[in-house]
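Input: a single structure, listed below in structure tokens.
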Amino acid sequence: MRLDYLTIFPDYLAPLGLSLPGKAAARGLVEVHVHDLRGWTRDRHRTVDDTPYGGGAGMVMRPEPWGEALDELLGQDPHPATVVVPSPAGRPLTQALARALSTRPRLLFACGRYEGIDQRVLDHAREREDAEEVVEVSLGDYVLNGGEVAALAVTEAVVRLLPGFMGNAASLEEESHEQGLLEYPVYTKPSSWRGHDVPPVLLSGNHAAIAAWRHEQSLARTAERRPDLLHASHVAGEWEVLPAA
Ligand SMILES: COC(=O)c1ccnc(N)c1
């Protein structure tokens with residue numbers, strides 16, 4: 001997977017050389033390219049923003065630098081890129097969306113600043129043959145100063161799903177949201193710590209009982225913290241054993 005980042009703060013994406021994506025890069029699983037949008041400005045001040053049509057506070061990112069940057073970058077690779085635009089107005093980032101993005105050959109992150117990127121940049125990108133899709137993605141219902149932090153989060157959620165990245169692929173199966181539920185609580189040695197003991201079932205060696213306890217814990221946590229994630233299918237097992245009405 002090729003990952004490109006267009007930003008006016010390339011240093012912000014320095015963490016991409018470390019830990020998770022860095023490891024993946026070292027293994028040849030991902031190829032990372034960070035680009036300074038100002039490289040596609042033509043004026044002495046390397047201007048990337050201007051006042052909004054219609055008035056209002058703040059500044060909007062000018063379309064020309066973005067258009068010329070996409071012209072150059074999208075043409076650099078035979079694979080059509082999925083353009084990922086972090087935005088508070090985007091689709092929520094979910095495990096399902098991360099998994100869908102992890103199957104793409106190339107992601108190009110357009111990291112906006114100020115009040116956002118001129119809408120025509122996204123509209124024009126959607127018309128391009130060399131852009132497979134333009135996906136605006138939100139981390140949640142809050143505003144950041146720029147798309148870079150969100151781009152790092154989306155990158156981590158996606159890269160860790162790439163085949164061969166996580167040593168123990170089985171651990172991905174049990175993670176929060178993979179099965180549509182929140183993850184159960186986890187414990188390790190010592191079995192007793194500051195008056196808190198590990199639940200005895202986890203020391204029992206009874207794998208069926210442990211699996212049942214973990215599922216029950218996931219259901220309880222999800223019901224308490226994220227009832228919106230609960231679907232009948234998750235509690236189907238309980239309905240099946242209820243006595244006939
Ligand atoms: C500028 O980008 C944002 O403010 C942003 C991006 C992704 N998710 C959010 N909740 C905000």
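The values are calculated or read from the model by the stated rules, or taken from the named source; none is laboratory data. Fair warning: this is a prediction, and the values are worked out from it, not measured in the lab. Cβ: placed from backbone, ideal geometry, glycine included. Neighbour counts: every protein chain shown.
Computed values, structure above
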{"read-out": "GLY116, sole failed condition from (1) at negative phi; (2) at pLDDT 95 or above; (3) surrounded by 18 or more Cβ atoms within 10 Å (Cβ to Cβ)", "value": "(1)"}
{"read-out": "Answer from PRO15, PRO65 - the residue that is closer than 17 Å to CYS111 by Cβ and crowded, with 18+ Cβ neighbours inside 10 Å", "value": "PRO65"}
{"read-out": "Scope segment 194-220; condition under 22 Å from HIS177 (Cα atoms) and of a type in the set (Asp, Glu); matching residues", "value": "GLU216"}
{"read-out": "Residue satisfying all of: in segment 133-150; more than 6 Å from the ligand (Cβ to nearest atom) and among the aliphatic types (A, V, I, L, M); nearest to LEU93 (Cα to Cα) among these", "value": "VAL137"}
{"read-out": "Residue under evaluation PHE109, criteria (1) crowded, with 19+ Cβ neighbours inside 10 Å; (2) without any contact (Cβ under 8 Å) to a residue 40 or more places away in the chain, criterion not met", "value": "(2)"}
{"read-out": "Some residue of segment 151-161 being within 16 Å of the ligand (Cβ to nearest atom), exposed (fewer than 13 other Cβ atoms within 10 Å of the Cβ) and of a type in the set (Gly, Ala, Ser)", "value": "no"}
{"read-out": "Enumeration of residues in segment 96-129 that are outside any strand (DSSP E or B) and touching a Ser or Thr at 6+ places or on another chain (Cβ under 8 Å)", "value": "LEU101, ARG104, CYS111, GLY112, GLY116"}
{"read-out": "Count - residues of segment 48-66 that are under 29 Å from the mean Cα position of the chain (by Cα) and of a type in the set (Gly, Ala, Ser)", "value": "1"}
{"read-out": "Filter pass, GLN76 being within 14 Å of LEU6 (Cβ to Cβ), over 20 Å from the mean Cα position of the chain (by Cα) and surrounded by fewer than 16 Cβ atoms within 10 Å (Cβ to Cβ)", "value": "yes"}
{"read-out": "So GLU133, is it at pLDDT 95 or above and over 19 Å from the mean Cα position of the chain (by Cα)", "value": "no"}
{"read-out": "Every residue from segment 49-95 that is within 16 Å of the ligand (Cβ to nearest atom), in a strand (DSSP E or B) and aliphatic (A, V, I, L, M)", "value": "VAL60, MET61, VAL83, VAL84, VAL85, ALA89"}
{"read-out": "Of all residues in segment 96-132 being of a type in the set (Lys, Arg) and more than 30 Å from GLY180 (Cβ to Cβ), the one that is nearest to the ligand (Cβ to nearest atom)", "value": "ARG113"}
{"read-out": "Given (1) in a loop (DSSP other than H, G, I, E, B); (2) assigned by TED's automatic domain parsing to the domain that holds ASP71, number of the condition GLU133 does not satisfy", "value": "(1)"}
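A quick yes/no check of all residues on (1) within 16 Å of MET61 (Cα to Cα); (2) assigned to a loop (DSSP other than H, G, I, E, B):
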residue	(1), (2)
ASP4	no, no
LEU13	no, no
LEU16	no, no
ALA24	no, no
GLY28	no, yes
VAL34	no, no
GLY39	yes, no
ARG44	no, yes
THR47	yes, yes
